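Single-structure report; data block below.
The values are calculated or read from the model by the stated rules, or taken from the named source; none is laboratory data. From a predicted model like this one, the values you see are computed outputs, not experimental measurements. No Cβ is skipped: glycine too gets one built from the backbone with ideal geometry, and neighbour counts run over all protein chains shown.
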Amino acid sequence: MTNRRDFLKRASMLVAGGVVSSSFLSGSSASKLQKKHIGLVIYSLRDDVKELGIQKVLEVIAKMGYVNLEGSYDNGRFYDKEPAEFKKMVEDLGMKITGTHLNRALSNDHESDMAWWKRATEAHAVAGMKYMVMPSWPLRGEDARSTLDHVKRVGNYMNEIGVITADANIPFGYHNHEYEFSSKIDQVPVYDLLIENTSPSHVFFQNDVYWTQQGGFNPVNYLKKYPKRIHTLHIKDEKAIGASGTMDFKAIFEQAYANGINDWYVEVEKYDGTPQEDVKQSYDFLAKANYVK
């Protein structure tokens, strides 16, 4: 058995040789140093992006401890950076950019719409994205969710986009707000109707748990109802995560993990403190939660 003298002698030799590992020096405590897989929507720091620039904001996010990011796309670029450049910026800080939000309203020019999505898909492929997510209803007008025909038209649009992104092995998804639940057709939420009128092979759903609850429904019930359609989550609260005390995050995470969901992103839209303070508070809350991996 190795005694304490032998252990210290061996450790000194390894340090001198520059090959000592953290696991050797700290033993079983090394696993405790592993960061949890906590994601962040960069939109949570949108004002800072404008004032400080994306590089500084990414540095702040990395220092907080986030490892998985969701960003935004515009006209072939990400935060005015070329796809490969933006990917490198994120990865140089020890993080991954795994998805974005992007949208093009459904127009009467089908060819132009599809060309836009093809170009966007090419940019996302270069950036190494895992997901492309539409963040709002693409059909404009006050009554754009009032009939089943509206839902079917939107569903067909999403199916076609999903076929394009699938060619690049990037799943295409839809992100909800409150209105997909408060809007109903024959007492059925538009959210459910959209799921029923999109292809499981080409459209997944990113459930915003806060907006689902604000729409009058329990997000856990939707995770149970559609385990094969909801693939990612926005973890959100009224302000900083956990501050309101109205969201049952424990139940949400337990069901999400049971469904096999691994990619989820904190989103902070309103603040009690500064945006950075509330985003850091959200990280700390989840990092301390024993139900978060």
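Per-structure values
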| item | result |
| --- | --- |
| Number of the exception - Val133 against (1) surrounded by 15 or more Cβ atoms within 10 Å (Cβ to Cβ); (2) out of contact with any Lys or Arg (no Cβ under 7 Å at 6 or more places or on another chain); (3) in contact (Cβ under 8 Å) with a residue 40 or more places away in the chain; (4) assigned to a helix (DSSP H, G or I) | (4) |
| Cross-chain or 6+ apart pairs with Cβ under 6 Å, the range 150-176 first and over 21 Å from Tyr191 (Cα atoms), then at pLDDT below 95 | none |
| Residues that are of a type in the set (Val, Ile, Thr) and either not in a helix (DSSP H, G or I) or not assigned by TED's automatic domain parsing to the domain that holds Ala258 (or both), drawn from the range 191-237 | Thr198, Val203, Ile230, Thr232, Ile235 |
| Residue under evaluation Ser136, criteria (1) closer than 18 Å to Thr198 by Cβ; (2) in contact with an Asp or Glu (Cβ under 9 Å, 6 or more places away or on another chain), criterion not met | (2) |
| Residue satisfying all of: in the range 257-293; in a loop (DSSP other than H, G, I, E, B) and among the polar types (S, T, N, Q); nearest to Ile38 (Cα to Cα) among these | Asn262 |
| Some residue of the range 178-198 being of a type outside the set (A, V, I, L, M, F, W, C) and touching a residue at least 60 places away in the same chain (Cβ under 8 Å) | no |
| Test set (1) at pLDDT 95 or above; (2) in a helix (DSSP H, G or I) - Thr98 fails condition number | (2) |
